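The values are calculated or read from the model by the stated rules, or taken from the named source; none is laboratory data. All values reported here derive from a predicted model rather than from experimental measurement. Virtual Cβ from ideal backbone geometry, glycine too; neighbours counted across all protein chains shown. Ligands, DNA and RNA are excluded from the accessible area calculation, which covers all protein heavy atoms including side chains. Shrake-Rupley method; radii C 1.70, N 1.55, O 1.52, S 1.80 Å.
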Amino acid sequence: MRLSKTIHLRVPFCIALATCFLLVCHSATQAADQMKLSTPSTFSPSLAYDYNAQDSDATTAQSASPEGAVETIRERYDDGKVKIERQVTLDADGNYVNHGEWKMLSHDGNVVAEGHYDMGKRVGTWTRWHGRQDVAELGEFPFTHFKAPFQSQANFVGDVMEGEWVITDTAQRKCFEGTLVGGKRNGTFTYYLPNGKTYRQSTYDNGVPVGDVLEADKNGDVKTAATYVDGRKAVTKTTYFRRTHQKMTEASYLAATTVERSPDDFWNLHFASYGSDGEDLRHGSAKTWFQNGTVQQDGNYQYDKKSGNFTYRYENGQVAVTGEYKNDVPDDVWVW
């Protein structure tokens, strides 16, 4: 009877002990599960770039939005202030692209750039503000005579400039304006003085300079500073005799073709740069002289070929030969 009683008392104790052990294990497992990080079911590389940007903390959705839906992304400075606020959507391939309003703010909260995107491409009117120290061109004349900051505003179609590009200073005075088509200069480009008068004006056709370049002199009078024909600048070249310093030759040329090296850059406010391609061509009047000052030869060139009447003289000034050239070949009647 004593042994049976002892066994009867120990069984409930073992059961209770086992129950406590199971409860403790379940609590520990539950706590461990609660500490595990949950991951989103879908993840966009585009949004990942925004989120991991070095100086930003983008607000993003945890799952992909349906195609056509627009989300707002906010990228932040280190202290949490908003740096960029933009709208995005999914394209046909499931990638996030800018779509809708786009805005950049300074650390003080002032808007420094704004515009719109259409499926990743800039469209409509874009505006950006620049300080004088931000852009090298703004430290040059005539911008040095205007008051910073400057507002640059241009129209975009399909991510390229199309239409007017205007720059004004903080007093709303126009500093510069030009017209572009397909990202290339087409039409008149004008730089202004603070009094509203023209400082420099040039004309372009599909990115190539054409016609007269007008520029104001020291008195403010606008005069022809250069002339372009088919993208070539008209220049005059003159040589002199070494001893007498009198003219030896003088001829009109069309300089090597002016070509665009880099396009106009709205975002960084860099104006298009140009270089030369090819050789100079004689074009227009051409003369040579004897050392005594008498004209030796007088005629005209068209694109580096003799054209029209040419006259050759003796050193005493008497005419030696005269006749016509056509496409660099003697033509019609010649007289000796």
How much length is gained if the chain between Gln87 and Tyr314 is pulled fully straight, taking 0.36 nm per residue apart and subtracting their Cα-Cα distance, in nm to one decimal?
73.7 nm
Using a 1.4 Å probe, what is the accessible area per residue for the range 105-212, in Å²?
48 Å²
Straight distance only, please: which lysines reach the Cα of Lys237 with their own Cα at less than 16 Å, same-chain residues fewer than 8 apart left out?
Lys247, Lys287
Please state the shape class of the range 228-272: rounded when a/c is under 1.5, otherwise prolate if a/b exceeds b/c and oblate if not, all from the C-alpha gyration tensor.
prolate
With a Förster radius of 35 Å, plug the Cβ-Cβ distance of Arg243 and Glu140 into 1/(1 + (r/R0)^6) and report the FRET value to the nearest 0.05.
0.25
Convex hull volume per residue for the range 170-260, taking Cα atoms only, in Å³
140 Å³
How much length is gained if the chain between Asp217 and Lys326 is pulled fully straight, taking 0.36 nm per residue apart and subtracting their Cα-Cα distance, in nm to one decimal?
35.2 nm
Take Tyr303 and Arg261, extend 7 Å from each Cα along the Cα→Cβ direction, and tell me the distance between the two endpoints in nm.
2.7 nm
Carbon-plus-sulfur fraction of the accessible area of the range 123-201, 1.4 Å probe, in percent?
48 percent
Take Val335 and His270, extend 7 Å from each Cα along the Cα→Cβ direction, and tell me the distance between the two endpoints in nm.
6.1 nm
